[in-house]
Amino acid sequence: MEWDHKEEAFWDEYSQEFRCTLWGTEAWFHISYYNNGQDCQERLARFVEAADRCLGWLNVHQAEIFAAIEADGLCDAALEAVEEMEMESAYTQVVAEDGVFYLLMDGGERLSLPYRKDDFFNSLIPGGLSFSADHKSTGFLLDLFLNLEPDIFAGHSVEIFLDGDFGSDLTNYTVTVNGLAG
């Protein structure tokens, strides 16, 4: 795949954007590498390998990502948001169909009630990934955005950071939940 190259005042940016599959869902994957004008073809090749390894790791370690989201309290926040929506009849409405209760949300989305932790995690879908690094080190940052369907957080995504080292063949990553973005 060809790199888009853009010369900036202090560095050159090399980037690619393509569709990838994460947890069975297609998402946009943007990778960018910042260089200070040095020959970087070898580092770009290692960087792409690291991005591929990282994506593979994410596909296998969804449970670890979800555990970090739960530990950060975003699941509880979603459950509380649904409870508040149920009480706020000016914005939502609860209806019953065939013995199942649904919360009708703005935009026509339906949320089955009662809303539980499993419902929250089943509604998380990859919205996009951004993988970036620069010439100063071999460290990288993957920024993962998870959307909710139905949209409980009113257009905001759960943002996850994954830090690693593309100079290493090891998959030692640090997962950080950055809260809501958007």
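The values are calculated or read from the model by the stated rules, or taken from the named source; none is laboratory data. Predicted model, so just to flag it, every value in this text is computed and none were measured. Glycine gets a Cβ as well: all are built from the backbone with ideal geometry, and neighbour counts include every protein chain shown. Calculation scope for accessible area: heavy atoms of the full protein, side chains included, ligands and nucleic acids excluded. Shrake-Rupley method; radii C 1.70, N 1.55, O 1.52, S 1.80 Å.
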Among 81-87, 155-161, how do they line up by average Cβ neighbours within 10 Å per residue, starting with the highest? 155-161, 81-87
Hydrodynamic radius by Kirkwood, which averages 1/r over all alpha carbon pairs of region 23-182, in angstrom: 17.5
State to the nearest 20 debye the size of the charge dipole of region 89-173 about its Cα centre, where the only charges are +1 on K and R beta carbons and -1 on D and E beta carbons. 120
Which trypsin sites (Lys or Arg not before Pro) from region 92-182 combine a DSSP loop assignment with at most 16 other Cβ atoms within 10 Å? R116, K136
Restricting to Cα atoms and excluding each atom paired with itself, what does the Kirkwood estimate give for region 53-102 in Å? 13.6
1/(1 + (r/R0)^6) with r = Cβ-Cβ of L104 and A77, R0 = 22 Å, i.e. FRET efficiency to nearest 0.05, evaluates to 0.55
Accessible area of the chain with a 1.4 Å probe: how many percent of it is carbon plus sulfur? 47
Which order do peptides 66-76, 143-153, 98-108 fall in by mean Cβ count within 10 Å, highest first? 143-153, 66-76, 98-108
Plugging the Cβ-Cβ distance of K6 and F153 into 1/(1 + (r/R0)^6) at R0 = 41 Å yields, to the nearest 0.05, a FRET efficiency of 0.80
FRET efficiency (R19, V95; Cβ distance; R0 41 Å; to 0.05) is 0.65
For the peptides 27-34, 11-18, what is the packing order when you average, over each peptide's residues, the other Cβ atoms within 10 Å and list the highest mean first? 27-34, 11-18
